[in-house]
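Participant: Can you keep this structure in mind? I'll have questions shortly.
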């Protein structure tokens with residue numbers, strides 16, 4: 001709890017002091033040291049300030065200052081002891097029979113409880129994109145967060161936990177950012193997290209193969225006066241290249257311990273956490289490199305900083321949250337966010353006057369604006385520090401040599417696109433061919449389970465629900481698990497290896513034609529996995545126009561939830577050699593439609609100027625099989641969770657709507673029963689709306705069910721087409737070839753009935769209908785979760801509902817046009 005929460009007469013033991021730089025130092029110098037007992041003596045008439053007794057003398061603090069001090073009260077200590085006793089009992093360990101709820105704690109016991117609580121350290125991971133932050137997060141915490149070798153994978157703070165040497169670490173993985181300027185959303189997000197959720201220690205993860213650029217962010221963290229430990233990650237690559245660097249000297253020059261690490265193998269992680277503990281505990285002897293430094297930005301800028309600090313230090317509420325030096329530097333950089341923070345202050349006019357005078361003098365002396373001068377000074381400091389640390393680049397192995405050779409082929413203006421689409425074709429072919437065998441095994445197991453229950457259970461609603469509802473519905477979707485795993489294996493490999501960044505690079509020119517830029521391609525590619533995180537990934541796009549248009553066209557990307565429907569339909573209506581092409585055509589159509597719609601929206605709907613950006617192309621790295629396997633299985637687990645959740649519930653609901661009301665005639669056949677059921681009545685009601693597409697009421701119901709989640713379309717069709725009766729047309733023709741003859745047969749039967757033609761004549765029409773159904777699934781209403789994500793990111797239901805409406809209209813128009821043209825050609 002916070003010191004400000006203690007009531008008059010209560011005592012507590014100090015656990016830790018938060019805050020920044022000079023403010024934190026002043027509080028500690030006043031005696032508020034970890035482990036010391038503090039007593040609340042008196043509240044002022046207006047409750048501010050409050051008088052405290054500590055170390056034998058009395059001192060007053062404002063509530064805002066006391067908020068920065070965490071304490072452990074006696075009541076909280078009792079609860080902590082009680083919880084530990086309960087844990088010990090549950091673990092079958094010897095424990096005191098008392099539960100610690102009533103006994104009075106001695107000062108020594110209270111101090112010991114505070115010491116145990118103080119061994120929880122909050123750590124923020126900060127660094128450039130592709131530096132390995134999330135790899136550290138995963139290695140240390142065991143979390144399975146996504147690691148992608150391109151900018152913008154982490155779009156939110158992710159929390160994990162780790163333990164080392166008796167300490168608990170609350171790890172927060174922040175978005176990758178090149179600086180702490182106000183240029184992009186992720187930069188503002190990281191700044192806000194460091195200020196509002198002040199971590200005890202910051203781990204600045206640095207790509208040691210690109211030191212000079214990565215250390216620029218380090219200099220900005222120094223300005224913020226945060227307690228910091230640096231991880232020189234990917235150190236194995238610098239060793240292979242033959243680089244030389246005096247790590248200890250570099251640590252002393254930057255005033256922060258620097259630890260060589262390789263997160264893929266775990267090298268240096270224990271030493272990294274040991275240094276975090278040393279910095280947290282203030283053990284200068286264990287971490288002699290830790291000291292606060294000021295980077296000299298030149299005479300005129302430093303004078304301006306000092307003049308502004310004199311005014312900023314008058315405001316304690318600012319000093320508690322910010323380093324005044326950091327604020328002054330940001331003002332000289334004309335940071336809009338900080339200007340808005342300073343504007344309401346009483347001294348704001350004087351502060352801005354000092355800023356403008358310093359900027360004018362810098363312009364007069366150097367010919368550069370103050371922002372450029374600050375940047376030059378930082379890079380000058382970095383260059384000088386690297387010289388002092390005897391940094392030199394070796395030539396044993398050029399990290400980028402292999403990358404450049406590969407890029408000459410993969411990003412070639414003539415070969416780039418063909419290779420990209422060839423990779424997609426190979427991916428889909430492998431998905432079908434390799435996935436067919438385990439798919440057959442799962443399908444056989446589901447069939448045997450359904451047959452066993454149908455044989456051994458007595459007839460009735462429960463049996464029908466199990467066989468025709470749960471097993472047919474969930475089974476129709478779960479058989480596609482192998483394809484899902486294979487697809488995500490390829491996607492994980494492309495992301496982790498660095499090829500996905502090249503795909504964005506290849507598509508950059510096309511993105512500009514669409515009215516977007518290359519950075520929009522990252523969320524669009526993520527959309528092939530799931531539209532929800534892809535919508536969230538648009539936060540990394542600086543331009544509001546590009547961000548909004550990207551969100552609006554994301555539903556046109558075929559997410560993995562649609563894959564079971566694609567596999568089900570293409571596997572039923574297309575020969576093996578054409579299935580991959582049919583699947584690829586759906587993805588290409590989605591991309592083409594996204595190009596067209598994006599261009600229209602950029603011109604007529606969302607207007608504005610684009611913001612230029614630099615797309616980093618990291619070196620190719622061979623991802624570990626363990627990482628790829630873990631990422632693939634994580635997606636598989638998510639898929640299985642859906643089977644036991646939303647798909648199971650939806651299957652039961654669809655079955656119930658198709659089963660009730662019970663018919664008056666017990667001898668009525670299955671087809672007639674379905675048509676007079678609730679779901680049949682609903683389907684018949686909307687059937688005229690979808691007549692131009694050639695859909696019958698069962699397909700219509702599947703589309704309606706897919707509004708909640710696209711996998712439900714497959715499970716709904718599994719329930720509605722669970723009839724196992726054989727079918728043959730008037731000519732005695734029977735379709736008994738192919739894997740999915742049952743679904744093919746039943747849909748063709750419905751098409752023949754709908755158009756009043758024979759089964760044989762209906763086959764090509766059924767194939768056309770099936771493809772139009774896939775087009776509708778590709779383009780129509782995104783799932784509810786995606787609509788909610790768009791609303792969350794735009795802050796408006798208007799854009800979310802617009803996305804839902806235009807995609808549905810587009811799906812109706814495209815599928816109807818294809819069907820009508822196809823029928824005319826036939």
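Participant: Sort the following peptides by mean Cβ neighbour count (other Cβ atoms within 10 Å, averaged over residues), highest first: 773-781, 125-133.
Facilitator: Ranked by mean Cβ neighbours within 10 Å, highest first: 125-133, 773-781.
Participant: Provide the packing ranking of 195-203, 480-488, i.e. peptides ordered by the mean count of other C-beta atoms within 10 Å per residue, highest first.
Facilitator: Working: 195-203: 19.1, 480-488: 21.8.
Ranking the peptides 195-203, 480-488 by packing returns 480-488, 195-203.
Participant: For residue 604 and residue 356 in one chain, what is 0.36 nm times their gap in residues minus the Cα-Cα distance, to one decimal in nm?
Facilitator: Numbers: separation 248, 0.36 × 248 = 89.28 nm, distance 4.06 nm.
This chain segment gains 85.2 nm when fully extended.
Participant: Starting with the fewest neighbours, write out 28, 565, 470 ranked by other beta-carbon atoms found within 10 Å of each beta-carbon.
Facilitator: 28, 470, 565
Participant: Can you tell me the length gained on complete extension of the stretch residue 462 to residue 408, counting 0.36 nm per residue apart and subtracting the Cα distance?
Facilitator: Full extension of this stretch gives 13.2 nm more.
Participant: Also, I was wondering about something else. Which FRET efficiency value, to the nearest 0.05, do you get for residue 826 and residue 447 by plugging their Cβ-Cβ distance into 1/(1 + (r/R0)^6) with R0 = 41 Å? Write down the numbers at each step before the final one.
Facilitator: Working: r = 35 Å, r/R0 = 0.85.
The pair residue 826/residue 447 has a calculated efficiency of 0.75.
Participant: Here's something else I'd like to know. Calculate, in nm to one decimal, what residue 638 and residue 165 gain on full extension: separation in residues at 0.36 nm each, minus their alpha carbon distance.
Facilitator: Result: 166.9 nm gained on full extension.
Participant: Need one number: nm distance between label points at residue 294 and residue 788, each 7 Å from Cα along Cα→Cβ, rounded to one decimal.
Facilitator: Using points 7 Å along Cα→Cβ, the separation is 5.1 nm.
Participant: How do 315, 322 rank when sorted from fewest to most other Cβ atoms within 10 Å of their own Cβ? Let's see the in-between values first.
Facilitator: Numbers: 315 16, 322 24.
So the residues, fewest neighbours to most, are 315, 322.
Participant: How far apart, in nm, are the 7 Å Cα→Cβ label points at residue 239 and residue 417?
Facilitator: Here the modelled spin labels are 4.6 nm apart.
Participant: Most exposed first by the Cβ proxy, i.e. fewest other Cβ within 10 Å, how do 745, 213, 798, 673 rank?
Facilitator: Ordered from fewest to most neighbouring Cβ atoms within 10 Å, 745, 213, 798, 673 come out as 798, 213, 673, 745.
Since every read-out is calculated from the coordinates, none of them should be taken as a lab result. Quantities reported herein were computed from a predicted structural model and do not represent experimental measurements. Don't worry about glycine lacking a Cβ; one is built from the backbone with ideal geometry, like all the others, and counts go over all protein chains shown.
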